[in-house]
1. Looking only at the range 310-332, decide whether some residue is in contact with a Pro (Cβ under 8 Å, 6 or more places away or on another chain) and hydroxyl-bearing (Ser, Thr, Tyr).
2. Scanning the range 375-426 for residues that are over 23 Å from Ala354 (Cα atoms) and of a type in the set (A, V, I, L, M, F, W, C), which turns out nearest to the chain's Cα centre (by Cα)?
3. Report the residue count in the range 388-415 for those that are in contact with a Pro (Cβ under 9 Å, 6 or more places away or on another chain), of a type outside the set (A, V, I, L, M, F, W, C) and surrounded by 17 or more Cβ atoms within 10 Å (Cβ to Cβ).
4. State whether one or more residues within the range 76-98 are of a type in the set (Lys, Arg), assigned to a loop (DSSP other than H, G, I, E, B) and open to solvent by 30 Å² or more (accessible area, probe 1.4 Å).
5. Picking from Ala160, Ala140, which residue would you name as being aliphatic (A, V, I, L, M), more than 29 Å from Ala99 (Cα to Cα) and open to solvent by less than 80 Å² (accessible area, probe 1.4 Å)?
6. I want to confirm something. Restricting to the range 17-70 and keeping residues that are in a loop (DSSP other than H, G, I, E, B) and aliphatic (A, V, I, L, M), which single residue is nearest to Ala126 (Cα to Cα)?
7. Out of Arg52, Arg73, I need the residue that is basic (Lys, Arg) and modelled with pLDDT under 80. Which one?
8. Thr330 passes all but one of (1) open to solvent by 30 Å² or more (accessible area, probe 1.4 Å); (2) within 24 Å of Leu310 (Cβ to Cβ); which number fails?
Amino acid sequence: MDSGPEAAERPPRPLPEAVRQSVVETAAELLGALPLDEVPVPLRRFARFERRKRAKLAGQHIAALLERDERFRARVGEAERETHPDLAAAVEDGAVPAAADPVRVAVLGYLLRPDGWDLLVENARAELERSASLTEGERAERRIAELRAELTSARASRGADIERMRGEFREAKAEISELRRKLHEARAKAKAEGERADEMAERTERELAEARDARVTAEKELRRLRVRLERAEAGTEAAKRAAREGRNIDDVRLRMLLDSLVDAAQGVRRELALPSTIGRPADLVTGADAALPPHRALPGRALSDGDPQLLDRLLQLPGVHLVVDGYNVTKTGYGDLTLADQRARLLSGLGGLAAQTRAEVTCVFDGAELDAPVATVAPRGVRVLFSQPGQTADELIGELVRAEPGGRAVVVVSSDREVQDAARRAGARPVPSPLLLRRLGRS
């Protein structure tokens, strides 16, 4: 027999299985929450296991360590105290509630080790043994009570099911009655529709027979009319032939009379020495003669206005002068920009075009679009002009075209119909604005 303090720290007998299992599970739960360096060395290889697996595989090691390591046992006891603070305080004070779980009380007593903790373990053992030693009669009575409760519950559930089924049966009967009524109505409606369809079929058959009879009658009448038409056409042809024969005789007689009158008139004219022709009434009306066509033809006249090669062909002419209607081009191509950005973008493109083609380039802007005169830096080879107050850009373009000598190729870029017509009248070749925008896009 052991003696001394160590013997007093141990329970006289092994812990009951339920108490031991609860103590092991509490310690296994704590192992998963501790840092690895604070876990006791014998249990570190189990610390990363899942909780249930940890309690199952490391149960013997945990129980042995709790028995011999007072520090580890106290730490597990603190974790259990945090979980059940009121019951732990009662166990330490020796005032355990009568309704407390004996297993939980024994666990707290074993871990916290208050005075008389071994009695708490023995009480839990006795309670567990008493519960395990119930007689067969008590068990049977309990089973009978449970069966009676189940029977009562089954009867109540059966009554509720029967009542529910009766309600569903009544609803089904009402639904069947409604379906029968609808089926009867549908059958009556189908019968009426069938009778109506038969009647329509009979009427259609009668109308078809009448139409066939009318068709036969119409064909007979058509044949009769064709015979009459052929006869009428034959009579008409005979009448025309007789009329032509009679007219030919009259024509010969009339021609002989006219020849006689012409010969007589010519004899009288020679006798009186009359001039061979006389004036006409239109000769007495005075007016300005039509202008002769210009000596120079429009350049590029063989190409249409929409031909993509038109502008390239015109820019290849020697000494060509390109006159651009500035805002007409910019508002066609990039009208979402401000006027200043429109001018800058167009003049930049025209500068590159002038450098490539060596053509004389003049860009005309409408001065009415500006609130005040602006300073504009023209690229090399590009002339920039703004119309003066009271003058439009169209009029300024007309003056530029008229100022050119006859024979020089002048190209006016604008989609304005009035500007194009004025350019043609002045002998210049108009070009739509999209052609110039396309040409600048390739540069």
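The values are calculated or read from the model by the stated rules, or taken from the named source; none is laboratory data. Computed from a predicted model, the values in this text were never measured in an experiment. No Cβ is skipped: glycine too gets one built from the backbone with ideal geometry, and neighbour counts run over all protein chains shown. With ligands, DNA and RNA removed, areas are computed over all heavy atoms of the protein, side chains included. Shrake-Rupley method; radii C 1.70, N 1.55, O 1.52, S 1.80 Å.
1. Yes; the residues of the range 310-332 include at least one that is in contact with a Pro (Cβ under 8 Å, 6 or more places away or on another chain) and hydroxyl-bearing (Ser, Thr, Tyr).
2. Taking the candidates together, the pick is Ala422.
3. The qualifying residues number 2.
4. No, the range 76-98 contains no residue that is of a type in the set (Lys, Arg), assigned to a loop (DSSP other than H, G, I, E, B) and open to solvent by 30 Å² or more (accessible area, probe 1.4 Å).
5. It is Ala160.
6. Ala58
7. Arg52
8. For Thr330, the failing item is (1).
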